[in-house]
1. I'm checking my understanding of the structure. Among residues of segment 347-384 that are within 27 Å of the chain's Cα centre (by Cα) and of a type in the set (Gly, Ala, Ser), which one is surrounded by the fewest Cβ atoms within 10 Å (Cβ to Cβ)?
2. Does residue 104 meet the test of being basic (Lys, Arg) and either modelled with pLDDT under 90 or open to solvent by 50 Å² or more (accessible area, probe 1.4 Å) (or both)?
3. Look through segment 413-442, keep the residues that are assigned to a loop (DSSP other than H, G, I, E, B) and out of contact with any helix residue (DSSP H, G or I) (no Cβ under 8 Å at 6 or more places or on another chain), and return whichever of them is surrounded by the most Cβ atoms within 10 Å (Cβ to Cβ).
4. Consider segment 38-54. How many of its residues are open to solvent by 40 Å² or more (accessible area, probe 1.4 Å) and either modelled with pLDDT of 70 or more or in contact with a helix residue (DSSP H, G or I) (Cβ under 6 Å, 6 or more places away or on another chain) (or both)?
5. Test each condition in (1) in contact with a helix residue (DSSP H, G or I) (Cβ under 7 Å, 6 or more places away or on another chain); (2) modelled with pLDDT of 90 or more for residue 29 and report the one that comes out false.
6. List the residue pairs whose Cβ atoms are under 8 Å apart, where the first residue sits in segment 430-444 and is of a type in the set (Gly, Ala, Ser), the second is surrounded by 12 or more Cβ atoms within 10 Å (Cβ to Cβ) and part of a helix (DSSP H, G or I), and the two are 6 or more positions apart or on different chains.
7. How many of the residues in segment 65-97 are surrounded by fewer than 19 Cβ atoms within 10 Å (Cβ to Cβ) and on the phi > 0 side of the Ramachandran plot?
8. With segment 324-402 as the region, which strands (runs of 3 or more DSSP E) entirely inside it contain at least 3 residues that are closer than 30 Å to residue 307 by Cα and not small (Gly, Ala, Ser)?
Amino acid sequence: MSFQQGLSGLNVSAKALDIISNNVANTNTVGFKSGGAVFGDVYAASLTGSVSGKQIGAGSTLGAVRQSFTQGNLTTTNNPLDLALNGDGFFIIGRPDGPNVYTRNGQFELDKNGFIITPTGEKLMGFQSPAAVGQLPSPVGGLKEVQIPIIGSLPQTTSRIDVGGNLDANSLSPAETYSALLGNTFEFPQPLGVPPSDVWRDARTYNFSTSIEVFDSLGKSHEFTFYFVKENVSQGGAQNTWNVFTSVDGDYPLGIDPVTGNVSDPSIIWTLTFNENGTIQTPIVGPSATSPITVPASYTPGASPIAFYTDFSDMRQIGGPYLITELTQNGYTGGELAGVSVGRDGILTGRYTNGETVALAQLAIQTFRNPNALSSIGNNYWEATLDSGLTAPTKPGEGVAGVISSGMVEDANVELTQELVQMIIQQRNYQANAQSIKAQDQILQTLVNLR
């Protein structure tokens with residue numbers, strides 16, 4: 001009698017139980033992908049051939065262990081470097097002693113040198129941003145080990161200021177407003193019966209003012225104040241026209257002679273002219289990006305002089321209260337790295353103590369045409385094979401690559417209820433095959449006992 005069929009059934013049932021037990025054991029393993037047994041039947045072949053209608057199978061065999069790469073549930077964590085892939089693809093992990101490996105386990109951390117590493121110390125791969133630029137390159141030139149610079153952010157000198165808002169169209173020039181009160185007429189910054197060096201401090205010499213903090217090349221802060229003065233139409237000034245003066249650190253306005261109080265350099269004073277509907281005319285007369293104002297070096301000792309221009313294109317003049325709705329500048333002082341965040345597109349952004357944010361790197365995602373052909377090597381790592389169909393690394397969200405969810409991890413895709421049911425089924429299969437062997441043993445015993 002042949003015990004082959006029963007033995008093969010016991011063997012594949014035991015292997016199926018091994019697979020199920022492995023799935024159950026990894027229920028809490030982040031990024032784990034469950035496996036399933038693929039069985040095949042076995043038929044004996046004869047050199048003389050056989051009649052198909054009379055073939056008897058020789059049992060079963062384990063054809064393959066197929067992993068299911070379906071999406072696992074996402075669980076929120078408190079670590080911004082816990083990353084979950086939502087969609088297809090794998091994180092790329094570099095190894096110093098071998099080829100890159102791939103994982104769905106996004107539990108990462110920073111080492112002492114700023115590299116993003118796995119719990120076992122391997123480094124995460126991506127596209128590194130050029131130093132001090134913050135603009136991410138296209139994925140050309142190969143992958144690099146992603147490193148977060150541990151040095152601080154250098155200061156940036158202010159070179160542009162943006163001012164937007166409303167200048168009240170009902171306003172009169174300072175001379176028209178106060179001439180009756182003072183018994184004379186004047187035009188900013190003409191004297192008001194006080195020394196010229198102090199006249200500009202008198203609020204009656206301008207209509208409105210606003211201030212902003214700016215920075216020199218050493219990261220030292222300075223205060224820029226803008227004074228808006230409407231032209232005196234009764235003294236030949238233009239309609240709907242304003243002049244804008246600037247002072248630095250509370251000193252006398254630039255372009256004004258501190259002795260006489262007269263305009264000494266009109267090229268560094270802005271002239272804003274508004275249309276009949278209240279919008280500003282362009283181009284604005286005065287300093288521009290091609291001919292900025294250079295602040296005298298006496299204001300920035302030890303640092304490079306500040307050369308800046310101001311964009312007033314968002315200003316308007318309508319009947320209503322004076323209002324500044326936009327007041328920004330592009331300079332900042334130095335800062336230290338305060339934290340790192342990761343976007344859906346895989347861009348790692350550094351947040352510094354000076355309020356600046358800089359794009360430092362972008363994660364790379366690897367996709368495969370046939371992920372079932374990947375070779376599992378443990379620690380939630382897979383290696384590429386000839387049959388897996390390796391493609392070029394891509395950015396998250398491009399093509400079929402999934403997107404990144406920061407502060408989350410992907411749970412194992414093991415359906416515990418299904419695994420327990422399959423365990424019962426394989427246990428019954430094992431028992432049934434054992435009964436097959438037992439039955440054949442009894443028949444054989446009967447034959448042996450024949451007299």
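The values are calculated or read from the model by the stated rules, or taken from the named source; none is laboratory data. Quick caveat: nothing in here was measured; it's all calculated off a predicted structure. Every residue, glycine as well, gets a Cβ built from its backbone with ideal geometry; the counts of neighbours run over all protein chains shown. For accessibility, only protein heavy atoms count, side chains too; no ligands or nucleic acids. Shrake-Rupley method; radii C 1.70, N 1.55, O 1.52, S 1.80 Å.
1. Looking at residues that are within 27 Å of the chain's Cα centre (by Cα) and of a type in the set (Gly, Ala, Ser), I get 355.
2. Numbers: basic (Lys, Arg): yes; either modelled with pLDDT under 90 or open to solvent by 50 Å² or more (accessible area, probe 1.4 Å) (or both): no.
No, not satisfied.
3. Within segment 413-442, the subset assigned to a loop (DSSP other than H, G, I, E, B) is 413-415.
Filter once more, keeping what is out of contact with any helix residue (DSSP H, G or I) (no Cβ under 8 Å at 6 or more places or on another chain): 413, 415.
Numbers: 413: 19, 415: 15.
Among those that are assigned to a loop (DSSP other than H, G, I, E, B) and out of contact with any helix residue (DSSP H, G or I) (no Cβ under 8 Å at 6 or more places or on another chain), it is 413.
4. 6
5. (1)
6. Close Cβ pairs satisfying both conditions: 432/9; 434/6; 434/10; 436/5; 436/6; 436/9.
7. 1
8. Details: elements: 337-342, 347-352, 357-363, 375-378, 381-383.
Per the criteria, 347-352, 357-363.
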